[in-house]
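A.B. asks: Just passing along the structure, written as structure tokens.
Where a number appears in this text, it was derived from the coordinates with a stated rule and is not lab data. Worth saying up front: this structure is predicted, and the values here are computed from it rather than measured. Neighbour counts run over all protein chains shown; Cβ positions are idealised from the backbone, glycine included.
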Amino acid sequence: MIDSSLIISVQNGNKYAFKTLFDLYENKVFRTAYLMLRDKQYAEDVVQDTFLQVYLKLHSLTTPEAFEVWLYKITINQCTNFINKVKKVSIVELDEQFEKNLIYPKRGQYDTENKIIEKEVRQKIIDCIYSLSVKYRNVLILFYYNEMTIFQISQILNCTEGTVKSRLFYGKKKLKKVFICSGVSINDEEEDINYEIQ
């Protein structure tokens, strides 16, 4: 959890504190937006718009401890605005460096063949996540990638915890089905699905 004193410092107009805040969350906001929108340029636009909103409205946040929930709510809203505006987001190819740093943890050294296979699997996983409807996509991304709790997600999406649990349950089922249809190898262990999404 972020140090509340940093949030308070930003609220008091400390520009260096805002830069620190930006550095801490830029990557997370970008990767969240990319998974939602499947477009690098749109994701970069969301980062800019999100942090502009943070800069302009952070003074209105009365509970510094709630910053992360507040930030992701802005991020999801900005993504939703893009989806509504564009309707169908274009699909772009990931260059190797961008892909390597996007979602997945480092797994050690691989030979050339394994790197090629892993790149293909990662691409399929990203395609699978993007193929889901927005209501399932945002819950899965927030829960698995951003490690938000059910309660936090309900606050971000303005819905009940029961709704979040339901979307998470059906989202995982839909994602597994798409994984299988796309030829991504998984087993029935929930933690394995979690690992792929992270």
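A.B. asks: Relative to the present Cα-Cα distance, how much length would full extension add between Ile83 and Asn158 at 0.36 nm per residue of separation?
C.D. replies: 25.2 nm
A.B. asks: Quote to one decimal, in nm, the extra length available between Asp3 and Tyr16 on full extension: 0.36 nm per residue of separation minus the C-alpha distance between them.
C.D. replies: 3.2 nm
A.B. asks: Quick one: dipole size for the range 1-78, taken about the Cα centre, charges +1 on Lys/Arg Cβ and -1 on Asp/Glu Cβ, in debye to the nearest 20.
C.D. replies: 60
A.B. asks: Can you tell me the FRET efficiency between Ser131 and Phe151 if r is taken as the Cβ-Cβ distance and R0 is 30 Å, rounded to the nearest 0.05?
C.D. replies: Efficiency, from the Cβ-Cβ distance: 0.60.
A.B. asks: Now for a separate question. With a 10 Å Cβ neighbour count serving as the proxy for reagent exposure, in which order, fewest first, do Cys128, Cys159, Cys79 appear?
C.D. replies: Working: Cys128 21, Cys159 15, Cys79 27.
So the ranking, lowest neighbour count to highest, is Cys159, Cys128, Cys79.
A.B. asks: Still on this structure: Give me the Debye-computed log₁₀ of I(q)/I(0) at q = 0.11, 0.12, 0.21 Å⁻¹ for the range 12-84, equal point scatterers on Cα only, no solvent, two decimals.
C.D. replies: The Debye formula, applied to the Cα set alone, gives -0.25, -0.30, -0.88.
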